[in-house]
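Have a look at the structure below, then the notes.
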Amino acid sequence: MKHLKYLNKFLWKYKSTLALGLLFIALTNIFAIYPAEFVRNALDSLIQKLNNKENDNISLVLLKYGGLIILFAVLKGIFLYMTRQTIIVMSRKIEFDLKNEVFDQYQKLSIGFYKINKTGDLMNRITEDITNVRMYLGPAIMYSINLSVLFSLVIYKMFAVSKILSIFVLFPLPLLAISVYFVSNKINKKSEKVQAQLSTVTAISQESFSGIRVIKSFTNEENTLKMFFNSCKEYTNRQIALIKIEAMFIPLIITLIGISTLLTIYIGGLEVFKGNITTGNIAEFIIYVNMLAWPVASVGWVTSLIQRASASQERINEFLKIIPEIKNTGNLKTNLNSDIIFKKASLVYSDTNIKALKNISFKIKNNKQIGIFGKTGSGKTSIVNLICRLYDVSSGDIKINNVNIKSIDLNHLRSSIGYVPQDGYLFSGTIRENIGFSSNNIDSQEVEIAAKKAEMIDEINSFPDKFETVIGERGIQLSGGQRQRLAIARVFYKKPKIYIFDDCLSAVDANKEQKILENLKKETNSKTTIIISHRISTLEKSDNIIVLDEGKIIEQGKHHELLSNDGFYSQIHVNQTNNK
Ligand SMILES: Nc1ncnc2c1ncn2[C@@H]1O[C@H](COP(=O)(O)OP(=O)(O)OP(=O)(O)O)[C@@H](O)[C@H]1O
Ligand SMILES: [Mg+2]
């Protein structure tokens, strides 16, 4: 239960709804319990009148009690409705709050967190686990309160009629609770297994749909089908095992209630003969027993709900208590139109222990364009990761305007940077939404200007829906170069202070590339630009180029200086010009 304590703050937030719910539960039960007495009274007066051979007024008596029963049933129904409207609605509201809290935390966590945790797990926390928690907040709380109220009322009424009969009748009920608990526990375990297997089946289908090109070109359909077949078979087996247990649930409850009813009639009958109770009391007791049966059975069910919710909340708490590696502790809103200085900066990725950058020092001058060149895996993207503070340096430091990057307000820093990442991720949605990603209020004219600068406007205008063209799944399929240019347009729209292009022109043809670079130059005349590329032609106009190898700077200078250096850069230059 201790993990569920976390939810108390939400219960407190909705305390008035919860209190109202409590009141409605009490009223529901009061109106539920009286009809048993009406049945007893009706039966007893009927029997009395029959014995005395008084035939008058019988229908009036029956009409009176029948009317009362209907009236109470209606009132009970109304309050039951209100109970659900308060407690179940409250649980939905808390579910909403909790989902948002978890999602907000997700967005705060660093990139490293996303590498350790699988997407499926993250999704499960926010869907399945929160659903389990809601079952505790809604049904579990509601049934627990209901049971305690109903139990006190019924027991009070029963003992008032006959102690001995009450004891006999109540005897099988704990047995009912315990067996329902065991059966529900088994059901939960089995259904978790079913869920897990369902995830596997989904994952296999999803992967094979996404990777359909590779599957077809490798003619791997048969293997994929076999994999799907086996995991589907396992799913069915687990489902059948679950159904076997589930099938026991209702018969078990009915049997135990039946035993109670039988005892009521037998012991009650004896008591009637002794003259301790009336025939009507037997009917009254049968109604009580049946009223108690479901709530008592629900004890077992509720217990297993609470256990499940507790395990889920434990997993959620684990995520909520993680402190993001990249902390927004600084609050300086430094002018970012200034030099960026790396001083003996190193970066070790903690999960893999890879030393991506080793003691590098260099300066990115304000308003200048710097090129970063190097083999794959040499640490180019790692430099950008540090500037955007997606990671922090392991040693050394980075200063902008002579302020340590960690002292700068994180939102101020990131909102001043326009980063085109290497994989240029696009979101599903329209082209307009993707280009205007950085603002809530998209300016269509600015979107068009950005598309022009990214040399994408002609192609967008050739699509039937132009800027409203939907991309991604069930939308238009863009080519690699088109995707890259959209990601570039997204940054042009943002108009940042620092431009970072991470190898995002690789799929753009040379002609368009030069045009984009010219547009960039115009745009960034007074802005800092960092361009990463494998192609020397992309970088040659930069004010300074640094050449990386295995996390170290091996050469540095302008294009012609590097050529006369006769090092790695000029070797590659020779290769690339010969291949043209
Ligand atoms: N997020 C990460 N976690 C752990 N290791 C990483 C991570 N990103 C990169 N690395 C490792 O750090 C080293 C440098 O990677 P980086 O991405 O900076 O190279 P790169 O120069 O950008 O290469 P490419 O030209 O292929 O993009 C590589 O050995 C890589 O495996
Ligand atoms: Mg890279």
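Just so it is clear, none of the values below were taken in a lab; they were calculated from the coordinates. A quick note: this is a predicted structure, and the numbers were derived from the prediction, not measured. Neighbour counts run over all protein chains shown; Cβ positions are idealised from the backbone, glycine included.
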TODO: Using R₀ = 25 Å, calculate the FRET efficiency as 1/(1 + (r/R₀)^6) where r is the Cβ-Cβ separation of SER16 and SER148; round to 0.05.
DONE: 0.75
- [ ] Compute the FRET efficiency between VAL74 and VAL214 as 1/(1 + (r/R0)^6), taking r as their Cβ-Cβ distance and R0 = 56 Å, and round to the nearest 0.05.
- [x] 0.30
TODO: Above 30 angstrom, tally the Cα pairs of the range 2-320 and express them as a % of all pairs, no decimals.
DONE: 53
Task: Amide H contacts under 5 Å for VAL470, placed H, 5+ residues apart - done: ILE476
- [ ] Return the FRET efficiency for the residue pair ASN578, LEU320: r is the Cβ-Cβ distance, R0 is 60 Å, and the value is rounded to the nearest 0.05.
- [x] 0.55
TODO: Using only alpha carbons, build the gyration tensor for the chain and give me the equivalent ellipsoid semi-axes, biggest first, whole Å.
DONE: 73, 25, 23
Task: Where trypsin sites (Lys or Arg not before Pro) fall in DSSP loop in the range 345-377, at most 15 other Cβ within 10 Å - done: LYS365, LYS375
Task: Label-point separation in nm, CYS232 to LYS5, each point 7 Å along Cα→Cβ - done: 4.9
Open item on the list: Within 10 Å, at most 13 other Cβ atoms, and a DSSP state outside H, G, I, E, B define an exposed site. Report the longest part of the chain free of exposed chymotrypsin sites (Phe, Trp or Tyr not before Pro).
Closed with: 1-217
Task: the chain: calculated mean residue ellipticity at 222 nm from DSSP helix runs of at least 4, using -39500 (n - 2.57) - done: -21000 deg cm²/dmol
TODO: Note the full-extension length gain between ILE240 and LYS274 as 0.36 nm times their separation in residues minus their Cα-Cα distance, in nm to one decimal.
DONE: 7.0 nm
TODO: Could you count how many Lys pairs in the range 186-338 have their Cα atoms under 23 Å apart, skipping same-chain pairs fewer than 8 positions apart?
DONE: 11
Task: Scaled radius of gyration (Cα, divided by 2.2 N^0.38 Å) that the range 340-579 gives - done: 1.03
Open item on the list: For the chain, take the longest principal axis of its alpha carbons; what is the angle in degrees between that and the long axis of helix 58-83, to the nearest 10 within 0 to 90?
Closed with: 20
TODO: State, as an integer percentage, the relative contact order of the chain based on alpha-carbon contacts under 8 Å between residues 6 or more apart.
DONE: 15
